[in-house]
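Everything on this sheet refers to the single structure shown next.
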Amino acid sequence: EVRQAREDRRRHTYILGRTGSGKSYLMGNMAIQDILNGEGLCVIDPHGDLIADILKYVPKERAEDVILFEPFDTERPIGLNMLEVDNDEQKDFVVQEMISIFYKLVTDQAMLGPMFEHNMRNAMLTLMADSEHPGTITDIPRMFTDTEFQKYKIAKLKDPVVRAFWEKEMAKTSDFHKSEMLGYLISKVGRFVENSMMRNIVGQPKSGFNFRKIMDDGKILLVNLSKGRTGEINAKLLGLILVSKIQIAALSRADMPESERRDFYLYVDEFQNFITDAFASILSEARKYKLNLIIAHQYLGQLQQTAGSHGAASQDLRDAVFGNAGTLITFRTGAEDAEFLAKEFSPTFNEFDLVNIDRYNAYVKLMIKGTASKPFNMATYPLPSGENNEVAAAIKQLSRLKFGKPRLEVENEILESSQVADMMSAGPASIEKGL
């Protein structure tokens, strides 16, 4: 048996291997063991099969701990507001993460630029200033198209620099330049505003669950981002928001002594789709905050394609992964990856070994007491016996009822929040009448 100490798991686990080689079985087994051991964890699955497997092994006594996030459950959508913050210190980080997310979602990053960042930054800071009726990313187009809504939100601002953006800079911008900029901004955000499934999730002012509470209380967050049911771009946006939210929650643990921080395990399959440039800092800093990563994907080229949205060197992310991941697990790889990995696993294993390893077998460099072990061959277990489909169905329904809201209620809430500005501009009498 291959075992791993808690302290060594804090230095992260990196899993690489071609599709069908056995990565999901290993991640599923690890997650199930964490659940049975009473640990807190989050699993982000872009395919859906991993979540379905894990659900069948959740014991009855942990049913109350499970939050199942399935965006395609349109009847009871769970809110996810990226612009919701616990304190002013988090605002700048959230804004920067959201801008990085938009960079990740466009095919040509030259389509964005300093002006896009400038306008988005000010719009988001304005929306975050209203704590009574928190803004969402679906409100960004309204900030530029609806004068009354804009006035209402500006009235809540305390930051003189952001206020000056609206009252001086935007006020002096010609209508032609405004319309040009509007089309540019709305085209980036519009796809999420116009899609009812996404609008009912990211348009809710209050998130359905608190990420810091999930981490501190050791809950189980299972995220099913099945691309076939959610849509590729939608799955990518939600995954990026979730990983950013977890990162923010982990960093906010600076307000408690390290000895009181509870270990929390974050499993991300196809992780290159759900990370921004700030992810490299999680790899190096998360250990202090007890956020322990188990990340997997198929081939090294995926890291080069996605790293450095602002023009950083393409291997930055690869260097961050190999420089900070304590435990390295590789299943069968392609010849190009084998050439690179052979340096990590030599002299025990060579390129031929890495390309020709059997399915459900892996080569491992295990972190043992802070030092990498000599590489060895490991066979993975199949998923354990004892799956319970009835309990899985009951947990799913319980989570829907606890954390989701009826679709009609959500749609009315979004409509009502959009009418607040109109009421405010018309005076107190109309507010009473409207309510």
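The values are calculated or read from the model by the stated rules, or taken from the named source; none is laboratory data. These figures come from a predicted structure and were not determined experimentally. Virtual Cβ from ideal backbone geometry, glycine too; neighbours counted across all protein chains shown. What goes into the accessible areas is simple: the full protein's heavy atoms, side chains included, and nothing from ligands, DNA or RNA. Shrake-Rupley method; radii C 1.70, N 1.55, O 1.52, S 1.80 Å.
Listed values, structure above:
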item: Odd one out for residue 368 among (1) surrounded by 17 or more Cβ atoms within 10 Å (Cβ to Cβ); (2) at pLDDT 90 or above; result: (1)
item: Every residue from the stretch 212-224 that is open to solvent by less than 20 Å² (accessible area, probe 1.4 Å) and more than 17 Å from the chain's Cα centre (by Cα); result: 218
item: The stretch 150-172, subset acidic (Asp, Glu) and assigned to a helix (DSSP H, G or I), residue modelled with the lowest pLDDT; result: 169
item: Members of the stretch 180-211 that are open to solvent by 20 Å² or more (accessible area, probe 1.4 Å), among the small types (Gly, Ala, Ser) and either at pLDDT 85 or above or over 32 Å from the mean Cα position of the chain (by Cα) (or both); result: 196, 207, 208
item: Hits in the stretch 224-258 (condition: aliphatic (A, V, I, L, M) and over 20 Å from residue 85 (Cβ atoms)); result: 225, 233, 235
item: Check on residue 262, among the basic types (Lys, Arg) and either part of a helix (DSSP H, G or I) or out of contact with any helix residue (DSSP H, G or I) (no Cβ under 9 Å at 6 or more places or on another chain) (or both); result: no
item: Residue list for the stretch 140-149, filter: open to solvent by 20 Å² or more (accessible area, probe 1.4 Å) and free of Cβ contacts under 8 Å to residues at least 24 places away in the same chain; result: 147
item: Every residue from the stretch 188-231 that is out of contact with any helix residue (DSSP H, G or I) (no Cβ under 9 Å at 6 or more places or on another chain) and more than 23 Å from residue 408 (Cα to Cα); result: 228
item: Qualifying residue in the stretch 101-116 (condition: touching a Leu at 6+ places or on another chain (Cβ under 8 Å), surrounded by fewer than 20 Cβ atoms within 10 Å (Cβ to Cβ) and of a type in the set (Val, Ile, Thr)); result: yes
item: Evaluation of residue 170 against (1) more than 27 Å from residue 42 (Cα to Cα); (2) open to solvent by less than 70 Å² (accessible area, probe 1.4 Å); (3) in contact (Cβ under 8 Å) with a residue 40 or more places away in the chain (one fails), failing number; result: (3)
item: Matching residues in the stretch 275-298 - criterion: being outside any strand (DSSP E or B) and either of a type in the set (D, E, K, R) or in contact with a Lys or Arg (Cβ under 7 Å, 6 or more places away or on another chain) (or both); result: 276, 277, 285, 287, 288, 289, 290, 298
item: Extreme residue, farthest from residue 220 (Cα to Cα), among residues of the stretch 283-299 that are open to solvent by less than 10 Å² (accessible area, probe 1.4 Å) and modelled with pLDDT under 90; result: 283
item: Count - residues of the stretch 225-253 that are within 16 Å of residue 90 (Cβ to Cβ), among the charged types (D, E, K, R) and under 11 Å from the mean Cα position of the chain (by Cα); result: 1
item: Top-ranked residue of the stretch 333-356 - restricted to ones that are more than 32 Å from the chain's Cα centre (by Cα) and in a loop (DSSP other than H, G, I, E, B), ranked as surrounded by the fewest Cβ atoms within 10 Å (Cβ to Cβ); result: 347
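Results for (1) touching a Pro at 6+ places or on another chain (Cβ under 8 Å); (2) more than 30 Å from residue 196 (Cβ to Cβ); (3) acidic (Asp, Glu), shown as yes or no for each residue.
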{"site": "350", "(1), (2), (3)": "no, yes, no"}
{"site": "365", "(1), (2), (3)": "yes, yes, no"}
{"site": "402", "(1), (2), (3)": "no, no, no"}
{"site": "410", "(1), (2), (3)": "yes, no, no"}
{"site": "413", "(1), (2), (3)": "yes, no, yes"}
